[in-house]
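The values are calculated or read from the model by the stated rules, or taken from the named source; none is laboratory data. Computed from a predicted model, the values in this text were never measured in an experiment. Backbone-built Cβ (ideal geometry, glycine too); neighbour counts: all protein chains shown. Side chains are part of the model used for accessible areas, which takes the heavy atoms of the whole protein and leaves out ligands, DNA and RNA. Shrake-Rupley method; radii C 1.70, N 1.55, O 1.52, S 1.80 Å.
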Amino acid sequence: MPGERMDDRVIELLRCGPACILTGAGVSTDSGIPDYRGPEQRGRPARPITYREFVSSAASRRRYWARSAVGWAWMEQRAPNRGHYIVAELERTGRATGLITQNVDGLHSAAGSRRLVELHGALRSVICLECGRSESRTGLQERIMVQNPGWLGRAGTVAPDGDVDLEEERTDSFRVPACLHCGGTLKPDIVFFGESVPQPRVRAAFSMLESASLLLVLGTSLTVYSGYRFVASAVKSGKPVIVITDGPTRADPVATVKLTTRLDGALQALAHAFSLSCGPVPTRDSRGARR
């Protein structure tokens with residue numbers, strides 16, 4: 001879509017008032033992070049760990065952290081792409097009241113988004129389930145490597161939540177670090193499947209939507225109700241809903257405008273229409289890693 005004009009209906013709606021932006025994994029695919037349900041993943045079953053599995057089974061926690069140790073070493077090298085910077089520009093120039101993201105990769109924050117609700121948390125932080133204190137994921141990774149030397153020599157397919165597909169028998173010897181403060185169980189500060197989004201976060205997201213004139217949905221199938229509820233709320237209150245992604249979504253029947261297209265090209269066309277900067281995209285390899 002680069003070089004083409006953005007759909008006039010989208011331009012007209014965005015000129016009528018600021019949008020609340022809702023993003024999903026499709027925004028980060030050009031940073032090399034795969035999508036759970038995008039075209040390249042269709043037919044491949046996603047099996048992320050559930051909250052119940054994590055809290056009830058030491059073996060499940062060991063398997064998660066063993067896989068995450070490999071995934072984090074890869075994830076922390078991802079860099080924001082043009083889409084992240086254009087979304088930040090929409091906020092900076094007053095075209096958006098703010099951003100709700102379902103992503104846990106932290107790339108919107110890295111690109112400069114400030115009025116930001118990370119609905120499902122962020123991988124950069126780890127929390128203790130006993131004392132509630134947190135530490136950085138980078139710090140935990142250093143402790144993991146001390147207790148599990150040579151672990152990063154393993155490889156697997158990385159998921160959007162930083163998990164890596166490793167054979168179970170390869171994780172049996174992994175040693176899981178405990179909380180530095182109380183020796184308790186550590187969990188990534190993200191919302192697992194089967195876990196509820198904290199209510200203060202939900203309220204902040206709805207407040208952002210209430211102050212907007214429309215909802216702009218980017219790069220998500222909205223399969224999970226956690227994100228779809230904002231579409232339902234916008235429709236109920238009579239706000240237009242624009243959906244731009246490269247496949248079918250749960251919101252297709254109710255969207256005011258649905259564009260099925262590659263997100264990078266669509267956002268470049270949007271940036272051109274409003275004379276927005278595409279941002280200082282870092283030099284990176286073909287997989288989105290910083291150089």
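A compact table of results
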| read-out | value |
| --- | --- |
| Within the stretch 136-151, tally of residues that are assigned to a helix (DSSP H, G or I) and crowded, with 17+ Cβ neighbours inside 10 Å | 5 |
| Failed item in (1) within 29 Å of residue 30 (Cα to Cα); (2) open to solvent by 40 Å² or more (accessible area, probe 1.4 Å); (3) of a type in the set (Lys, Arg), with residue 133 passing the rest | (1) |
| Condition met for residue 221 (of a type in the set (Ser, Thr, Tyr), touching a residue at least 24 places away in the same chain (Cβ under 8 Å), open to solvent by less than 60 Å² (accessible area, probe 1.4 Å) and not in a loop (DSSP other than H, G, I, E, B)) | no |
| Filtered residue count, the stretch 89-121, keeping only those that are more than 20 Å from residue 230 (Cα to Cα), open to solvent by less than 30 Å² (accessible area, probe 1.4 Å) and outside any loop (DSSP other than H, G, I, E, B) | 2 |
| Residue in the stretch 8-30 that is most open to solvent (accessible area, probe 1.4 Å), counting only those that are under 21 Å from residue 94 (Cβ atoms) and assigned to a loop (DSSP other than H, G, I, E, B) | 16 |
| Number of the exception - residue 215 against (1) crowded, with 17+ Cβ neighbours inside 10 Å; (2) out of contact with any helix residue (DSSP H, G or I) (no Cβ under 7 Å at 6 or more places or on another chain); (3) not in a loop (DSSP other than H, G, I, E, B) | (2) |
| Meets criteria (in contact (Cβ under 8 Å) with a residue 12 or more places away in the chain, at positive phi and in contact with a strand residue (DSSP E or B) (Cβ under 8 Å, 6 or more places away or on another chain)) for residue 83 | no |
| Residues of the stretch 224-235 that turn out to be surrounded by fewer than 22 Cβ atoms within 10 Å (Cβ to Cβ) and over 13 Å from residue 256 (Cα atoms), as a count | 6 |
| Candidates 193, 206, filtered to the one that is surrounded by fewer than 21 Cβ atoms within 10 Å (Cβ to Cβ) and at pLDDT below 95 | 193 |
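One line per residue, one yes/no per condition, for (1) farther than 20 Å from residue 32 by Cα; (2) modelled with pLDDT of 75 or more; (3) basic (Lys, Arg):
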| position | (1), (2), (3) |
| --- | --- |
| 125 | yes, yes, no |
| 130 | yes, yes, no |
| 139 | yes, yes, no |
| 145 | yes, yes, no |
| 150 | yes, yes, no |
| 154 | no, no, yes |
| 162 | no, yes, no |
| 166 | no, no, no |
